[in-house]
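The values are calculated or read from the model by the stated rules, or taken from the named source; none is laboratory data. Nothing here was measured: the structure is a model prediction, and the numbers come from that model. For neighbour counting, all protein chains shown are included, and Cβ atoms are generated from backbone atoms with ideal geometry for every residue, glycine included. Remember, those area values only see protein heavy atoms, side chains included, never the ligands or the DNA or RNA. Shrake-Rupley method; radii C 1.70, N 1.55, O 1.52, S 1.80 Å.
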Amino acid sequence: MAKRTPNEGTKIPATKARELPKVATGITGLDDVLHGGFPAGRTTLVSGGPGTGKTIVGMEFLYRNAVNGEPGIFVTFEERAEALRKNTLSLGWDLAPLEKDGKFFLFGAHVDPQAAISGDFNVKGLLAIVEGKAKSMGARRIVIDAVDVLMRLFDNPARERNELYALHDWLNDHEMTAVLTLKTSAGGDTSSRYEFLDYMTDCVIQLDQRVVEQVLTRRMRVIKYRGSSYIHKEHPFIIADNGVNIIPVSTVELQHKALGAKVSTGHPRLDTMLDGGYRRASTILISGTGGTGKTTLANTFVEAACERGEKVLYINFEESQEAMVSGMLSAGIDLRPALRDGKLRLMTTVPEAMGAEEHLFQAVRVIEAFRPDHVVLEAMSSCNRMGTKQAAYEYLVRLVNTCKEKGLMMILTNQTAGFKNENEITGMDMSSIIDTVIFVRFIDIGGEINRMLMILKSRGQKSVNQYREFLITDHGIDVRDVYVGVGGVLTGAARQEQEAREVLQARRKRLEIELREQDIKQKRAVMEAEIARSRAELETAEAELKALQLEEGLVQEGRDIRGRMRGEDANSLRLKKRVPRRKGRGTGRKEGAK
Amino acid sequence: MNRSDRKAKTKGTEALGETYILRLFMAGDEPNSKQARENLEQLQKTHLKGPHKKEFVDVLEDFQIALENNVLITPCLILVYPLPKATVFGNLSDTEKVLAALRLT
């Protein structure tokens, strides 16, 4: 019991409370989404419209398990067994040896459409066959494909329901890890008719397929999973030559590797600006209008990295390998040795060639095979051509996340229409997953166009937040010191002019200051004279006041003397009044003492 | 339907002059299967006047036969001979439908 395998099903109630036993599906990405696999000994419903890949999901689950020695039964109500065998073979899955070994049983369960119906019936025959086969093979995996076809026979929702419940009970009683596939019509009401299946089964997966702007996009979503966690998102998937590939949209932030050591950008000045260089496992966005040197900047890094012996994968949606290599040669960057030594690998495709999922899948596959240290993507802006903005966004987010999880550094270039829209510069709405933003732009001063470079953001490191002049020479890039003057940042010839202008301006200013100082001196003198005069006036007034006060004082003195003489009585009266008041207080105290 | 009603009384296996082979697939003594068997025996009295053969198969006892005959639904009556093969699902409570399917009308 301690050595519980996912195959043990629900037999172990002791562990049930802790964790639901699961059966690995073997389908790329699906086990990640389902946090382990299908519920063991229980039923999973896979629903979706025609052509969404339900059969392949079921088939791959059984095939992968059978290859691992776990036998399974595939019951199909829709396709002919022979056709299904052929389709399966085209995915590289040969059922014949497995069928021979008793590891796989493909049952083309066809209900005679000509059959007459007279009275009540049920699917006991099917169950008898499945049970007999399961027993003889020791099978505990079953896929019932297109269960809706069988159910249509009943021609009555209540009976369908009863039969499906009976089937479900049977599957549970026999501890079969089962997958039922159900076809739902695109916009029809089949989903509501079979809605009870969502409640009946323990795990519900919906497949979906849409064509958005000529690009086919497949999606899967787990609707529910009783007793288990799963990734609650819509996951894109593709059906490739090796089967179903689900690329889980995970909340991967926590799995991201911490930003790593500094790596040189390939240019010492830029390194200084970034306090040592780019950081490993970080995502760098080089943003700017067309022709500003984004590619050159990225390739400066690529050349340097490859020279250090690091491997770079360059995904280019903009130009061919030849065009990029020769373009870079004219800027003094020779990528040929890196390509020759297998340090640099270019993936050049047209974004429209396939859907975003397919692009992502291919990129991830190359990353896994080539194992680069760094990935460059040119350009974010061209990803929109994969279909919709949303598809491009998901492609990028997931590619960035993949790189982050693997600890790879990623450089994204992005062509912006202008430099006013900050969202555009920092790359769609991806700024939360981008660590460093380098912005390059043209600046037109004095009839001369110059390139400017600025570090808009640099997470986890100090950086210079001023514009620098950025030059592309025939021997690589150059970053010049910043010139900070009153007129902002200047480059090229305009900078020299500005410097001369500054000297003149400074001289003018000095003169002006002198003039102002003199003026102030004069004004101060005037003011002081004024103060002196006022003070004199004030002193006179004060003297006059004193004389008046003296005069008034003498009069008052006389009045006081007379008053004192008259006031003897008044004083004695005041004394008499005070005596009885003291007495009263005395009695009061006594009372209080009582 | 009116036509079949009238003909049903006069026509039967007799008229065809061949040996009928009927096979009824059942699932143990599950109610529908039991009823189908009873209904078939009733039908035999009223309509199967000529030479005929009946076979009863319990799919619960022999799944292999069910598999070979692709019997998913029970009860299931199959007209094995004469060809073409005909199939009737259900407990055979609707005699009209059964007779029509077995070409006995």
**Prompt:** If you go through segment A:171-187 one residue at a time, do you hit one that is under 46 Å from the mean Cα position of the chain (by Cα), crowded, with 16+ Cβ neighbours inside 10 Å and within 14 Å of chain B (Cβ to nearest Cβ)?
**Reply:** yes
**Message:** Can you confirm whether residue B:101 is modelled with pLDDT under 80 and either at the interface with chain A (Cβ under 8 Å from one of its Cβ atoms) or under 23 Å from residue A:121 (Cα atoms) (or both)?
**Reply:** yes
**Message:** Go through segment A:143-169 and report how many residues are open to solvent by less than 60 Å² (accessible area, probe 1.4 Å), under 17 Å from residue A:47 (Cβ atoms) and part of a helix (DSSP H, G or I).
**Reply:** 9
**Item:** Residues of segment A:121-141 satisfying the condition of being within 7 Å of chain B (Cβ to nearest Cβ) and of a type in the set (S, T, N, Q)
**Value:** A:122
**Scan of segment A:1-34 for residues that are hydroxyl-bearing (Ser, Thr, Tyr), over 27 Å from residue A:361 (Cβ atoms) and either at pLDDT 90 or above or assigned to a loop (DSSP other than H, G, I, E, B) (or both), ordered by number** = A:5
**Item:** Selected residue (only one of A:276, A:290 is in contact with a strand residue (DSSP E or B) (Cβ under 7 Å, 6 or more places away or on another chain), open to solvent by 10 Å² or more (accessible area, probe 1.4 Å) and on the phi > 0 side of the Ramachandran plot)
**Value:** A:276
**Request:** Return yes or no: is residue B:40 within 9 Å of the chain's Cα centre (by Cα), modelled with pLDDT under 85 and either assigned to a helix (DSSP H, G or I) or more than 19 Å from residue A:118 (Cα to Cα) (or both)?
**Result:** yes
**Request:** Kindly indicate whether residue A:89 is closer than 25 Å to residue A:184 by Cα and among the aliphatic types (A, V, I, L, M).
**Result:** no
**Request:** State which residue pairs qualify: first residue without any contact (Cβ under 8 Å) to a residue 40 or more places away in the chain and inside segment A:271-297, second residue hydroxyl-bearing (Ser, Thr, Tyr) and open to solvent by less than 10 Å² (accessible area, probe 1.4 Å) in any location, beta carbons under 6 Å apart, and separation of 6 or more residues or different chains.
**Result:** A:271/A:265; A:277/A:265
**Asked** So which residues in segment B:34-51 are more than 8 Å from chain A (Cβ to nearest Cβ) and of a type in the set (A, V, I, L, M, F, W, C), if there are any at all?
**Response** B:40, B:43, B:48
**Request:** Give the number of residues within segment B:52-94 that are open to solvent by 40 Å² or more (accessible area, probe 1.4 Å), at the interface with chain A (Cβ under 8 Å from one of its Cβ atoms) and hydrophobic (A, V, I, L, M, F, W, C).
**Result:** 2
**Complete:** When every residue in segment B:24-33 that is over 12 Å from residue B:60 (Cα atoms) and in contact with a helix residue (DSSP H, G or I) (Cβ under 9 Å, 6 or more places away or on another chain) is compared, the one farthest from the other protein chains (Cβ to nearest Cβ) is B:24
**Asked** So which helices (runs of 4 or more DSSP H) are wholly in segment A:300-399 and hold at least 3 residues that are free of Cβ contacts under 8 Å to residues at least 24 places away in the same chain and open to solvent by 50 Å² or more (accessible area, probe 1.4 Å)?
**Response** A:321-330, A:356-370
**Complete:** Of (1) in a helix (DSSP H, G or I); (2) open to solvent by 10 Å² or more (accessible area, probe 1.4 Å), residue B:21 satisfies every one except (1)
**Item:** Options A:331, A:369, A:392; residue that is under 23 Å from the mean Cα position of the chain (by Cα) and of a type in the set (A, V, I, L, M)
**Value:** A:392
